[in-house]
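Chemist: Below you will find the structure I want to go over with you.
The values are calculated or read from the model by the stated rules, or taken from the named source; none is laboratory data. Worth saying up front: this structure is predicted, and the values here are computed from it rather than measured. All Cβ positions, glycine included, derive from the backbone under ideal geometry; neighbour counts span all protein chains shown. These area figures cover heavy atoms from the full protein model, side chains too; ligands, DNA and RNA do not enter into them. Shrake-Rupley method; radii C 1.70, N 1.55, O 1.52, S 1.80 Å.
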Amino acid sequence: MKIAVVGLGYVGLPLSLQFARSCVIVLGLDIDAKKVQLLNDRQSYIKHIEPSTIAEFVRSGKFSASTDFGRVKEVEAVIICVPTPLNKNREPDISFVIETGRTIAPYLSKGALVVLESTTYPGTTDEDLRAVLEEGSGMKAGVDFHLAFSPEREDPANEQSNVKLIPKVVGGYTPACLDRATALYGKAIDTLVPVSSCRAAEATKLLENIFRSVNIALVNELKLVYNAMGIDIWEVIEAAKTKPFGFMPFYPGPGLGGHCIPIDPFYLTWKAREFDQHTRFIELAGEINTRMPEHVVHRVADALNSQRKALNGSRILLIGLAYKPEVDDERESPSYVLMDLLSERGAEVDYYDPYVPVVKSTSEHSHFAGKKSVTWNQANVASFDLVLIATNHKCVNYQELADWAQRVVDTRNAMAAVQVAPGKVWKA
Ligand SMILES: NC(=O)c1ccc[n+]([C@@H]2O[C@H](COP(=O)([O-])OP(=O)(O)OC[C@H]3O[C@@H](n4cnc5c(N)ncnc54)[C@H](O)[C@@H]3O)[C@@H](O)[C@H]2O)c1
């Protein structure tokens with residue numbers, strides 16, 4: 001069997017490799033010629049994907065990459081994993097999905113299967129994508145070709161997370177579409193969870209991400225409340241999570257980051273308006289989570305103030321530009337918001353992140369493009385008035401940080417296990 005995966009990013013590339021591992025021949029398609037070249041040269045641009053894995057499948061002919069979308073005519077199924085961001089008005093931008101649909105439609109074979117994996121609002125697959133596929137192919141979904149939605153559950157940097165073992169939700173446009181989609185995914189994934197429609201599958205993914213956003217907002221709010229009462233939220237969460245039922249730990253932080261949790265809930269908010277429905281939990285969670293960087297900046301100012309220093313003119317080292325530990329993905333990272341807020345107040349901000357050695361020119365925060373991670377040594381760390389931990393990468397030596405830094409503001413409880421002079425670490 002030969003399939004195409006469109007969009008070779010954090011979702012599409014691991015999925016392609018899992019199908020290749022399962023003896024399906026995979027043609028990876030992307031508009032980014034540089035990525036395509038790197039893959040065909042057997043190199044990786046994602047930290048947790050080994051070049052040797054790519055090399056193995058390129059060598060065996062199971063995987064190849066291309067920018068030639070005309071080659072869709074060679075395959076039985078196309079899986080779409082392109083970005084679904086928000087536009088500048090924070091409304092869903094499904095233009096990448098629509099563009100992909102338009103591009104592949106003329107090359108779809110009769111009987112082919114198209115599956116969308118990009119996170120999106122209910123109705124994208126059976127309304128928006130279906131319309132462009134039908135128009136461009138002259139065929140009817142559910143009659144001449146099959147259509148389905150199956151959300152990705154990628155957990156970057158989680159070593160226990162394995163595409164094959166994570167149950168996969170699948171919804172079809174018709175029962176026959178669902179059968180085709182489960183037959184395809186059954187080749188590569190151990191457990192499938194069929195649902196009644198594409199919309200139910202789209203809604204499932206949104207529920208999963210909204211659940212995270214709301215619960216993170218809850219602990220972020222409790223952090224502020226408990227802090228005012230002199231209670232440490234981290235101690236409370238550790239104690240609460242010993243409850244063997246009815247509780248799941250979520251952790252506070254400097255704000256939400258990444259390509260999913262800060263964005264996806266608002267796809268539902270937008271679509272709900274069409275049905276005169278309001279998503280108050282989503283809005284409230286968004287409001288609390290986006291206020292967290294301001295809170296962190298206040299803690300930084302307080303910590304400096306306790307040493308008779310002002311934010312204005314202070315040198316601050318931010319640790320962790322990536323939005324979560326052990327990843328090189330800095331999309332939507334609150335670290336950028338923190339750097340902006342601190343710079344606006346006159347601080348001189350540098351960062352340390354071994355996984356993001358330099359801010360790329362393609363970054364959403366292009367005014368930081370070219371900025372480089374500082375070198376980790378005592379002289380450098382000690383030269384800053386304050387170190388702000390935004391992301392707790394495991395590779396950082398927190399004992400050295402405790403020994404070298406003048407002051408630390410810790411948004412991740414990263415300093416909990418190290419020996420440190422009293423009063424040096426401020427939790428935020
Ligand atoms: N990253 C995650 O952990 C994660 C988890 C679950 C779901 N998702 C969802 O999966 C989707 C993809 O996310 P991602 O993190 O892989 O994004 P990504 O930015 O890492 O990858 C997207 C890829 O699509 C390519 N692309 C863009 N437009 C294209 C087009 N018109 N045709 C072909 N290729 C195109 C880009 O060049 C890029 O390589 C999004 O909807 C996201 O919300 C992501």
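Chemist: Kindly provide the set of residues from segment 257-290 that are without any contact (Cβ under 8 Å) to a residue 12 or more places away in the chain and assigned to a loop (DSSP other than H, G, I, E, B), ordered by number.
Modeler: The answer is Glu274, Phe275, Asp276, Gln277, His278.
Yes or no, residue by residue, for (1) among the aliphatic types (A, V, I, L, M); (2) surrounded by fewer than 16 Cβ atoms within 10 Å (Cβ to Cβ); (3) more than 13 Å from Asp353 (Cα to Cα):
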site: Lys371; (1), (2), (3): no, no, no
site: Trp376; (1), (2), (3): no, no, no
site: Asn380; (1), (2), (3): no, yes, yes
site: Lys394; (1), (2), (3): no, yes, no
site: Leu401; (1), (2), (3): yes, no, yes
site: Gln406; (1), (2), (3): no, no, yes
site: Asn413; (1), (2), (3): no, no, yes
site: Val418; (1), (2), (3): yes, yes, yes
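Chemist: Mind checking which residues of segment 246-282 are within 16 Å of the ligand (Cβ to nearest atom), of a type outside the set (Val, Ile, Thr) and farther than 26 Å from Asn227 by Cβ?
Modeler: Of everything in segment 246-282, those that are within 16 Å of the ligand (Cβ to nearest atom), of a type outside the set (Val, Ile, Thr) and farther than 26 Å from Asn227 by Cβ turn out to be His259, Cys260, Asp264, Phe266, Tyr267, Leu268, Trp270, Lys271.
Chemist: Report whether or not Ile282 is open to solvent by less than 20 Å² (accessible area, probe 1.4 Å), of a type in the set (A, V, I, L, M) and more than 30 Å from Leu317 (Cβ to Cβ).
Modeler: yes
Chemist: On the basis of being of a type outside the set (Ser, Thr, Tyr), without any contact (Cβ under 8 Å) to a residue 60 or more places away in the chain, under 30 Å from Ile94 (Cβ atoms) and loosely packed, with under 15 Cβ neighbours inside 10 Å, does Glu348 make the cut?
Modeler: no
Chemist: For segment 200-249, what are the residues that are touching a Phe, Trp or Tyr at 6+ places or on another chain (Cβ under 6 Å), open to solvent by 30 Å² or more (accessible area, probe 1.4 Å) and over 14 Å from Phe281 (Cβ atoms)?
Modeler: Of everything in segment 200-249, just one residue is touching a Phe, Trp or Tyr at 6+ places or on another chain (Cβ under 6 Å), open to solvent by 30 Å² or more (accessible area, probe 1.4 Å) and over 14 Å from Phe281 (Cβ atoms), namely Ala240.
Chemist: Right, here's the next one. Can you run down the residue pairs with Cβ atoms below 7 Å, 6 or more apart or on separate chains, where the first is in segment 144-160 and within 27 Å of Arg331 (Cβ to Cβ) and the partner is assigned to a loop (DSSP other than H, G, I, E, B) and among the basic types (Lys, Arg)?
Modeler: Within 7 Å, the pairs are Ala157/Lys324.
Chemist: With (1) within 30 Å of Arg130 (Cα to Cα); (2) not in a helix (DSSP H, G or I) as the list, and Glu202 as the residue in question, which single condition is left unmet?
Modeler: (2)
Yes or no, residue by residue, for (1) within 16 Å of the ligand (Cβ to nearest atom); (2) hydrophobic (A, V, I, L, M, F, W, C); (3) closer than 22 Å to His298 by Cβ; (4) touching a Lys or Arg at 6+ places or on another chain (Cβ under 7 Å):
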| site | (1), (2), (3), (4) |
| --- | --- |
| Glu330 | yes, no, no, no |
| Pro357 | no, no, no, yes |
| Val374 | no, yes, no, no |
| Asn377 | no, no, no, no |
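Chemist: Then there's this: Report, by residue number, each residue of segment 2-23 that is in contact with a strand residue (DSSP E or B) (Cβ under 6 Å, 6 or more places away or on another chain) and away from the ligand (no atom under 12 Å from the Cβ).
Modeler: Those that are in contact with a strand residue (DSSP E or B) (Cβ under 6 Å, 6 or more places away or on another chain) and away from the ligand (no atom under 12 Å from the Cβ): Lys2, Ile3, Phe19, Ala20.
Chemist: May I pose another question? Answer yes if at least one residue in segment 143-154 is of a type in the set (Ser, Thr, Tyr), open to solvent by 60 Å² or more (accessible area, probe 1.4 Å) and within 27 Å of the chain's Cα centre (by Cα), and no otherwise.
Modeler: The answer is no, given that none of the residues of segment 143-154 is of a type in the set (Ser, Thr, Tyr), open to solvent by 60 Å² or more (accessible area, probe 1.4 Å) and within 27 Å of the chain's Cα centre (by Cα).
Chemist: Provide a single number: the residues in segment 28-40 that are under 12 Å from Leu13 (Cβ atoms), open to solvent by 30 Å² or more (accessible area, probe 1.4 Å), within 10 Å of the ligand (Cβ to nearest atom) and in a helix (DSSP H, G or I).
Modeler: So the answer is 1.
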